[in-house]
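S.K.: This is the structure I want to talk about, given as structure tokens.
We did not get these values from a lab; they are worked out from the coordinates using the rules stated. Every value quoted in this text rests on a predicted model; they were computed, and no experiment measured them. Quick reminder, even Gly has a Cβ in these numbers, built from the backbone with ideal geometry, and neighbours come from all protein chains shown.
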Amino acid sequence: MTCMSSTPSRFRLSGISLERPFDRRTNAAQKHEQAVAISDVLDNNRFAPLEHGGGPYRLHLELVDKRLVLTVTTETGAPVLCHHLSLTSFRRLLKGYQLVCESFANGAARLPPGRLEAVDMGRRAIHNEASALLRERLKSKVEIDQETARRLFTLIHLIVSQNTDLRSPAT
């Protein structure tokens, strides 16, 4: 029997799905990072669509015309919200995060621990800034906590990096 209460557990994500990449194939490292990020979000999150009585919820993330589409349903599939989020304000952060992640991966075997830690601190700083921006941009639709926003940014980064070249200039 399920107990109905006003605890935060009613306001959480119970499932996340992502669009399949269409421009490039997902490599094993990206698949692993995606699985870990999804598992981390589902393990502990706060996700409360405004003016909705409670979930748990399922979230589908998809990139459409350079916008992130967030589709939220209840566990039974009832629609809760669909929001198109422009990624323009995230462009600098996505590029910076990509570069720092690549630097960390490339330097893991050859950089001294102090330098590697500095690169990781840079990654965390960008991650924190991006998660704060995500919370700000979603605040009229859904309330999320800092850790949920951080993990969702990781998923957004994976979707965008799988479908675009973050290093190319904007067209």
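S.K.: Measure nothing fancy, just the Cα-based angle from helix 28-43's long axis to the longest principal axis of the chain, in degrees from 0 to 90, nearest 10.
M.R.: Taking Cα atoms only, the helix is inclined about 40 degrees.
S.K.: May I ask you to list the GluC sites (Glu not before Pro) in the stretch 71-154 that are in a DSSP loop and have at most 13 other Cβ atoms within 10 Å of their Cβ?
M.R.: The qualifying sites are 75.
S.K.: Related question: What angle do you read, to the nearest 10 degrees and between 0 and 90, between the alpha-carbon axis of helix 113-138 and the longest principal axis of the chain?
M.R.: Tilt relative to the chain: about 40 degrees.
S.K.: Using Cα pairs closer than 8 Å and at least 6 residues apart in sequence, work out the relative contact order for the chain, in percent. Walk me through the numbers on the way to the answer.
M.R.: Numbers: 228 pairs, mean separation 48.1, N = 171.
Taking the mean separation of contacting Cα pairs over the length of the chain, I get 28 percent.
S.K.: Which residues does a label at residue 81 reach in the stretch 128-147, if reach means a backbone N under 20 Å from a point 7 Å past the Cα toward the Cβ?
M.R.: Backbone N within reach: 130-147.
S.K.: If you don't mind, another one. Reachable lysines from residue 95, Cα under 21 Å, same-chain residues fewer than 8 places away excluded?
M.R.: Cα-Cα hits under 21 Å: 31, 66.
S.K.: Compute the long axis of helix 146-163 from its Cα atoms, compare it with the longest principal axis of the Cα atoms of the chain, and write down the angle in degrees, 0 to 90, nearest 10.
M.R.: Its long axis makes an angle of about 60 degrees.
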